[in-house]
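K.L.:
I have a structure I would like to understand better, so I am pasting it below and will then ask my questions one at a time.
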Amino acid sequence: MTTYKIALLAGDGIGPEVCAEAVKVLRATEHDFALSFTDFNVGAAEYLRSGDPLPEAVFAQLPNYDAILLGAMGLPDVRWPNGIEMTPQLDLRERLDLYCGLRPVRTYHPADSPLKNGAVDFLLIRESTEGLFVNRKQQTPPGARQVEDTLRITRTGAERIIHAAFRAAAKRRSHVTLVDKANVLPSMAFFRAIFDEIAAQYPAIETSRVYVDATALYMVQSPARFDVLVTENMFGDILSDLAAAIVGGMGMAPSADIGDRYAVFQPSHGSAPDIAGKGVANPVATILSAAMMLDWFDAEPTRTAASKIRRAVEAVFADPLRRTSDMGGRMSTSEMGDAIVKQLK
Ligand code: ATP
């Protein structure tokens, strides 16, 4: 029987609370495979303890694990001397070359969407190593009168993310939408030209090209037009939050950051310090991220377990009273985890 070794980086704020429920749910799926979890301290609390939010001794061990399950990182009051928040999760993306940000967006019950037709199901793919985040660590000289950010698109970066989108669409409804701003930004015209080249290699996949501003409109007006969307880092960052809003909020938005060798699975939300320690955080985004991890292991038993988790969430959500407070319900974090485990059994 295969044992998958998971590095657990629960992190700050609600991270440990939602991770505990994901582990509980994962444990309930161990039948034809086994999981082992090793905890690592990473994040703002670790910075306060050791002066480094992602200690080298921890980073060096991560490649020994089959996957990384992450809760949330960062606290508003814990910042670098230049005022920027700690974001070891972004460092992990860059250092492990996790270029492919997968954000599945679907409603588990249509009534949870603020949209009239709440049946939403698409996959947003966000390039996660370049784009407008490329010089996020640049220092601003004291007294600067002008500060610039760069939107970098490399051919290699564009090709690999666009291929990932076409491969994902082949397993879904065979449609890819390129989200860009090719009418204004030269980097985006370059991105579109590469998209067009690659699209020609996938004749069975339909394509659309939509500007990012129009994408925001269509996500609210007619999300059913989307199957797989692919875009640069910052556009993907912003659209992911909009996408979360149409399926019930940040507590329902799972994510995975995948490279050719390593992968990190984590909810799309942050550490939510306003509700940390109260036992009210919605653990579903983390539980669904854990299901993505089982899919990524790409073995028949783990893929089956991932589908079972999604079906269990759907079964729990069939009852409108079974919701955490972010979705108007009264369940606590652990009650939601327990309900999903019960459904699995
Ligand atoms: P980041 O900058 O890391 O994205 P943030 O502080 O901007 O983080 P989040 O922590 O993602 O934003 O969350 C914003 C708000 O949404 C939180 O303060 C919280 O009220 C709510 N929220 C986020 N995640 C959850 C969750 N799992 N369950 C319930 N409410 C949540």
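K.L.:
Please enumerate the residues belonging to the range 300-322 that are within 16 Å of the ligand (Cβ to nearest atom) and touching a residue at least 24 places away in the same chain (Cβ under 8 Å).
P.N.:
We begin by selecting, within the range 300-322, every residue within 16 Å of the ligand (Cβ to nearest atom); these are 313, 316-317, 322.
The answer is VAL313, VAL316, PHE317.
K.L.:
Among the listed residues ALA299, ALA315, ALA306, ALA290, which satisfies the condition of being under 23 Å from ARG95 (Cβ atoms) and in the same structural domain as ASP32 (by TED's automatic domain parsing)?
P.N.:
That would be ALA290, the only listed residue that is under 23 Å from ARG95 (Cβ atoms) and in the same structural domain as ASP32 (by TED's automatic domain parsing).
K.L.:
Give ALA199, ALA158 a once-over and let me know the one that is surrounded by fewer than 20 Cβ atoms within 10 Å (Cβ to Cβ), of a type in the set (A, V, I, L, M, F, W, C) and modelled with pLDDT of 95 or more.
P.N.:
ALA199
K.L.:
I'm trying to understand the selection: among the residues of the range 47-64, which are without any contact (Cβ under 8 Å) to a residue 12 or more places away in the chain and closer than 16 Å to ILE84 by Cα?
P.N.:
Within the range 47-64, GLY51, ASP52 qualify.
K.L.:
Related question: When the residues of the range 2-34 are narrowed to those that are assigned to a strand (DSSP E or B) and open to solvent by 10 Å² or more (accessible area, probe 1.4 Å), which ends up farthest from ALA67 (Cα to Cα)?
P.N.:
In this case the residue turns out to be GLY11.
K.L.:
Next up: Being more than 22 Å from the chain's Cα centre (by Cα), closer than 30 Å to ALA299 by Cα and either at pLDDT 95 or above or assigned by TED's automatic domain parsing to the domain that holds TRP296 (or both), is that true of even one residue in the range 5-25? Spell out how you get there, then give the answer.
P.N.:
Step one: filter the range 5-25 for residues more than 22 Å from the chain's Cα centre (by Cα), giving none.
So far as the range 5-25 goes, no, none of its residues is more than 22 Å from the chain's Cα centre (by Cα), closer than 30 Å to ALA299 by Cα and either at pLDDT 95 or above or assigned by TED's automatic domain parsing to the domain that holds TRP296 (or both).
K.L.:
Within the range 66-78, work out how many residues are assigned to a strand (DSSP E or B) and within 12 Å of the ligand (Cβ to nearest atom).
P.N.:
3
K.L.:
Also: Please state which of the following conditions ALA57 fails to meet, knowing it meets all the rest: (1) assigned to a helix (DSSP H, G or I); (2) under 23 Å from ASP295 (Cα atoms); (3) open to solvent by 20 Å² or more (accessible area, probe 1.4 Å); (4) among the aliphatic types (A, V, I, L, M).
P.N.:
(2)
K.L.:
Further question: Within the bounds of the range 273-289, is there any residue that is assigned to a helix (DSSP H, G or I), away from the ligand (no atom under 13 Å from the Cβ) and within 25 Å of ARG160 (Cβ to Cβ)? Full working, then the answer.
P.N.:
As a first pass, look at the range 273-289 and keep what is assigned to a helix (DSSP H, G or I): 284-289.
Restricting the remaining residues to those that are away from the ligand (no atom under 13 Å from the Cβ) gives none.
Within the range 273-289, none of the residues are assigned to a helix (DSSP H, G or I), away from the ligand (no atom under 13 Å from the Cβ) and within 25 Å of ARG160 (Cβ to Cβ).
K.L.:
Moving on to the next point. Do we find that ASP257 is touching a Leu at 6+ places or on another chain (Cβ under 9 Å) and surrounded by fewer than 20 Cβ atoms within 10 Å (Cβ to Cβ) in this structure?
P.N.:
no
K.L.:
Only residues that are under 21 Å from LEU70 (Cα atoms) and either of a type in the set (Val, Ile, Thr) or out of contact with any strand residue (DSSP E or B) (no Cβ under 9 Å at 6 or more places or on another chain) (or both): list them for the range 293-307, please.
P.N.:
Within the range 293-307, the first condition is being under 21 Å from LEU70 (Cα atoms), and the residues that meet it are 293-298, 302-303, 305-307.
Across the range 293-307, the qualifying residues are ASP298, THR302, ARG303, ALA305, ALA306, SER307.
K.L.:
Another question, if that's okay. Would you kindly identify the strands (runs of 3 or more DSSP E) lying entirely within the range 167-259 that contain at least 1 residues that are of a type in the set (D, E, K, R)?
P.N.:
175-180, 206-211, 254-258
K.L.:
Looking at the range 137-151, is at least one residue free of Cβ contacts under 8 Å to residues at least 60 places away in the same chain, surrounded by 14 or more Cβ atoms within 10 Å (Cβ to Cβ) and under 22 Å from the mean Cα position of the chain (by Cα)?
P.N.:
Going through the range 137-151, the residues free of Cβ contacts under 8 Å to residues at least 60 places away in the same chain turn out to be 137-150.
Restricting the remaining residues to those that are surrounded by 14 or more Cβ atoms within 10 Å (Cβ to Cβ) gives none.
No, the range 137-151 contains no residue that is free of Cβ contacts under 8 Å to residues at least 60 places away in the same chain, surrounded by 14 or more Cβ atoms within 10 Å (Cβ to Cβ) and under 22 Å from the mean Cα position of the chain (by Cα).
K.L.:
Here is a further query. Tell me the residue from LEU242, LEU294 that is away from the ligand (no atom under 16 Å from the Cβ), aliphatic (A, V, I, L, M) and out of contact with any Asp or Glu (no Cβ under 7 Å at 6 or more places or on another chain), please.
P.N.:
LEU294
K.L.:
Kindly indicate the residue of the range 273-299 that is over 22 Å from LEU75 (Cα atoms) and free of Cβ contacts under 8 Å to residues at least 24 places away in the same chain and also most open to solvent (accessible area, probe 1.4 Å) among those meeting that condition.
P.N.:
ASP298
K.L.:
When you look at GLN221, is it without any contact (Cβ under 8 Å) to a residue 12 or more places away in the chain and either within 30 Å of GLY15 (Cβ to Cβ) or more than 14 Å from the ligand (Cβ to nearest atom) (or both), yes or no?
P.N.:
Yes: the conditions hold for GLN221.
K.L.:
Let me ask something else. Check off (1) more than 15 Å from the ligand (Cβ to nearest atom); (2) open to solvent by less than 50 Å² (accessible area, probe 1.4 Å); (3) of a type in the set (A, V, I, L, M) for LEU48 and give me the number that stays unchecked.
P.N.:
Unmet for LEU48, out of (1) more than 15 Å from the ligand (Cβ to nearest atom); (2) open to solvent by less than 50 Å² (accessible area, probe 1.4 Å); (3) of a type in the set (A, V, I, L, M): (2).
The values are calculated or read from the model by the stated rules, or taken from the named source; none is laboratory data. These numbers come from a predicted model, not from an experiment. Every residue, glycine as well, gets a Cβ built from its backbone with ideal geometry; the counts of neighbours run over all protein chains shown. Surface areas here come from the heavy atoms of the whole protein model, side chains and all, with no ligands, DNA or RNA. Shrake-Rupley method; radii C 1.70, N 1.55, O 1.52, S 1.80 Å.
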